[in-house]
1. How long, wide and thick is chain B, going by the Cα atoms along their three principal axes, in whole angstroms, largest first?
2. Over segment A:42-97, what lengths in whole Å, largest first, do the semi-axes of the equivalent ellipsoid take, defined as the square roots of 5 times the eigenvalues of the alpha-carbon gyration tensor?
3. Semi-axes of the equivalent ellipsoid of segment B:52-136: what are they in whole Å, largest first, if each equals the square root of 5 times a C-alpha gyration tensor eigenvalue?
4. Just the number please: accessible area per residue for the protein assembly as shown, 1.4 Å probe, all protein chains included, in Å².
5. Quick one: net charge around A:V7, please, counting Lys, Arg +1 and Asp, Glu -1 for every other residue with C-beta under 12 Å from its C-beta.
6. Can you give the average number of partner chain beta-carbon atoms within 10 Å of each beta-carbon in peptide B:91-98, as a whole number?
7. Tell me, what ³J(HN,Hα) does each residue in segment B:51-68 have, in order and in whole Hz, if you take phi through Karplus 6.51 cos²θ - 1.76 cosθ + 1.60 with θ = phi - 60° and put x for Gly and Pro?
8. Rounded to the nearest 0.05, what FRET efficiency do B:K30 and B:R226 give with R0 = 30 Å and r taken as the Cβ-Cβ distance? Could you check?
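The values are calculated or read from the model by the stated rules, or taken from the named source; none is laboratory data. Note that the structure is a prediction, hence the values are computed from the model and not measured. Cβ coordinates were reconstructed from backbone atoms using ideal geometry, including for glycine residues, and neighbour counts include every protein chain displayed. Accessible surface areas use protein heavy atoms only, side chains included; no ligands, DNA or RNA. Shrake-Rupley method; radii C 1.70, N 1.55, O 1.52, S 1.80 Å.
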Amino acid sequence: MIKQLFVILSCLALGHLVVWAAGIDFPGSIIGMLLMAAGLQMGIIKLDSVKEASDALISNMALFFVPNGVALMLYFDIIKSEFWPIVIATLVSTLVVLAATGWTYQLVRRIRLNRVLKMRRLQQSNR
Amino acid sequence: MGFLQNKFFIIALTVAVFYGARLLQQRTGKSWGNPILISIVVLISFLKITGVSYDTYYEGGKIIDFWLQPTIVALGVPLFEQLKAIRQRLWPILLSQVAGCVFGIVACVYVAKLCGASEAIILSLAAKSVTMPIAIEVTNTLGGIPALTAAIVVFVGLFGNLVGFGLLKLFGVGDAKAQGLSLGAASHALGTARAWERGKIWGTYASLGIILSGIVTAVLAPLLIRVIM
């Protein structure tokens, strides 16, 4: 377990190092996630040496949100005064995300399938 | 009542409340009984009743909070495990995530502005679709209120979990992979939980949607906000 934590925390620290060295305003943890995926892909990190700890973190991640959520008690006034803008903007943009993601996937997929079909037809007619 | 401010008590209490809330959900199987939501309500009520301040609570809470960042790093493991699936359909997957992120943020900002929301609120809403740890990090970067983002992320997740499939059908999104990606991108882990209930393809693509929309949002949100605010 210590080794697994060591690998995960090292990726996190490296991610923060990258952010600090590059002087950019970006979450170091996300760089750390990409470093983890890259390390596994290149075989620098073995899946066995992170799998258990990462599964444990991911399956319990809901707990780690709770303190952030409790901070809501500091913002009751803002939420009360801007309740409807928050609700409407959230619902509308959630619909937009659902539709835009689904439509784009289906559209791009169809364009690429058509291209493949056309190529096959060309190859057959050349024979 | 000094012991109520002891940070070890606060940590134990938070874990206990969460554990109880999760047991409750497992027993009842209702998605509205979201353990995060119940824990937040119970803990805020506790603090209000006992008069313990949030700053005092956070002395213990930050120890739990710390684990969010290692958890984001841990998401690199499922990302690696799904690289093969991503590579097979690289362009449809990537472009759909970028489209969902861009149109979602633009719609969110403009609708909020139209309804007269203040800047702090708009900045807190921008990252609301993505998985909680990333949403909180992005809101921090943007200068919004992470707590508000946290609450809205849960709300969005419940919404996607309850009506996501119905809406996708309404929009004419019938492809299983497209449905999975959309649910993951729009309503993170809660939408993905619903996707897994339907089947493996939906679940796998929803998991992909969570991670990729998180990365895309972390990269694009600060740029987009600078342009449209």
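1. On the principal axes, chain B reaches 59, 42, 32 Å in Cα extent.
2. Numbers: eigenvalues 280, 63, 13 Å².
Semi-axes from the Cα gyration tensor: 37, 18, 8 Å.
3. On the way: eigenvalues 175, 128, 5 Å².
Semi-axis lengths for segment B:52-136 are 30, 25, 5 Å.
4. Numbers: 16710 Å² over 356 residues.
Value for the protein assembly as shown: 47 Å² per residue.
5. Details: positive: A:K3, A:K46, A:K51; negative: A:D48, A:E52.
Charge balance in the 12 Å sphere: +1.
6. On the way: counts 5, 10, 5, 3, 6, 10, 5, 3.
That works out to 6 on average.
7. With coefficients 6.51, -1.76 and 1.60, one gets x, 6, 7, 5, 4, 5, 4, 5, 3, x, x, 5, 5, 6, 4, 3, 6, 4 Hz.
8. Values: r = 41 Å, r/R0 = 1.37.
Rounded to the nearest 0.05, the efficiency is 0.15.
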